[in-house]
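Reading through the structure tokens given below for one structure.
The values are calculated or read from the model by the stated rules, or taken from the named source; none is laboratory data. Just so we're clear, the structure is a prediction, and the values are computed from it rather than from any experiment. Backbone-built Cβ (ideal geometry, glycine too); neighbour counts: all protein chains shown.
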Amino acid sequence: MNDSDLVSAGLPAESVQAIRSELFGTGDPLDVSVVVPAYNEAESLPELLDRIQASLTPITERFEVLVIDDGSTDSTREVLAAYAQRHPWLVAVHFLRNYGKSPALAVGFDRARGSVVFTIDADLQDDPAEFGPLLVKLAEGYDLVSGWKQERKDPWIKNSTSKIFNAVTGLASGLRLHDFNCGLKVYRSQVTASLQVYGEMHRYLPVLAHVMGFRVAELPVRHRARQHGETKFGRSRFLNGLLDLLTVIFLSRQQSSPLHFFGRVGLAFSAVGSLIMFYFLGVWLVEHALRIRPLMLVGVALLLVGVQFVSLGLIAELFVATREDVSRYRIRDEI
């Protein structure tokens, strides 16, 4: 693959050398890995894989596509098996049951061998032709570039809730992006190796990367209406998203020492409780008599709550110090 091939792929000539030196010269086994989480997307996968190949072939011959089948119940398994026989760059990992998008990304990141890792959803709403512009942006010195669906082809209610989600996430995290949850992203391999993706944290991968110190940017990308099947996300994602946001905020504030967070809260409660109890101690010293009052009970309760928060922080410290990362996702097989 020579520079003229990269130029013919639609990349600016001045960006070709930066891509070569910044992104593909890192000594990794491959140049590009593409991670595709898929759940009941048998109708979309053949066209998506063809378009990924058409987009990557002018850029590099050293690429792989990892489709993580998240326990699909349609013919996804058969479609991938037939496709893999004709295309050696395809790797298909089949979960034993449906775990969710975050576990699929976690397994994909763990297996990716490329210097650069793309993620793209399997529903054909994102266009693999955007890979080139995303590479150009990444080569400018960023570690993660997230797509920004400026003109979303989704129902009104989904667009509205997405705007609220992005605004709240940006305000809470300090990272200002228009579209945190866009499935089309590109990462340097150092980022995917550092991210711990679990639960439903896929919505906050740019925030987690930002907290770690990686440089994050976004780029407008095209978006299409869904052509096959139906959306896989129900109403529970709003509540789950809120709870995960609280987790991200906590991690971003006190990532290394939970005791610093819980200890401060516990000491604040204990300080107020102690002031109340010192007041009643003064009353007892002056009047030599003391009756139990509601305020006294409040002071005792605050002291107990403070001790509990400090204890919770110590337990969290013990967990952080002794935990081991163990995969909890059962894989049926791999092609």
Worksheet entry | In region 53-82, residue modelled with the lowest pLDDT [restricted to those that are under 17 Å from PHE118 (Cα atoms) and among the polar types (S, T, N, Q)] | THR60
Practice prompt. Take the residues in region 72-114 that are touching a Ser or Thr at 6+ places or on another chain (Cβ under 9 Å) and of a type in the set (D, E, K, R), then tell me which one is surrounded by the most Cβ atoms within 10 Å (Cβ to Cβ).
Written response: ARG113
Discussion item. Considering only region 12-21, I want to know if a residue exists there that is modelled with pLDDT of 95 or more, aliphatic (A, V, I, L, M) and within 26 Å of the chain's Cα centre (by Cα).
Written reply: no
Practice prompt. Kindly indicate the residue of region 261-319 that is hydroxyl-bearing (Ser, Thr, Tyr) and over 42 Å from the mean Cα position of the chain (by Cα) and also surrounded by the fewest Cβ atoms within 10 Å (Cβ to Cβ) among those meeting that condition.
Written response: TYR279
Practice prompt. May I ask you to verify whether ARG237 is over 30 Å from GLY25 (Cα atoms) and either modelled with pLDDT of 85 or more or part of a loop (DSSP other than H, G, I, E, B) (or both)?
Written response: no
Response to the item:
Contact list, first residue from region 49-60 and touching a residue at least 24 places away in the same chain (Cβ under 8 Å) and at negative phi, second anywhere and among the charged types (D, E, K, R) and outside any loop (DSSP other than H, G, I, E, B), beta-carbon distance below 6 Å, six or more apart or interchain, is PRO58/ASP5; THR60/ASP31
Discussion item. Being at pLDDT below 90, in a helix (DSSP H, G or I) and among the hydrophobic types (A, V, I, L, M, F, W, C) is the filter here; which residues of region 174-206 pass it?
Written reply: MET201
Discussion item. Any residue at all in region 199-211 that's surrounded by fewer than 16 Cβ atoms within 10 Å (Cβ to Cβ), within 24 Å of TYR99 (Cα to Cα) and touching a helix residue (DSSP H, G or I) at 6+ places or on another chain (Cβ under 9 Å)?
Written reply: yes
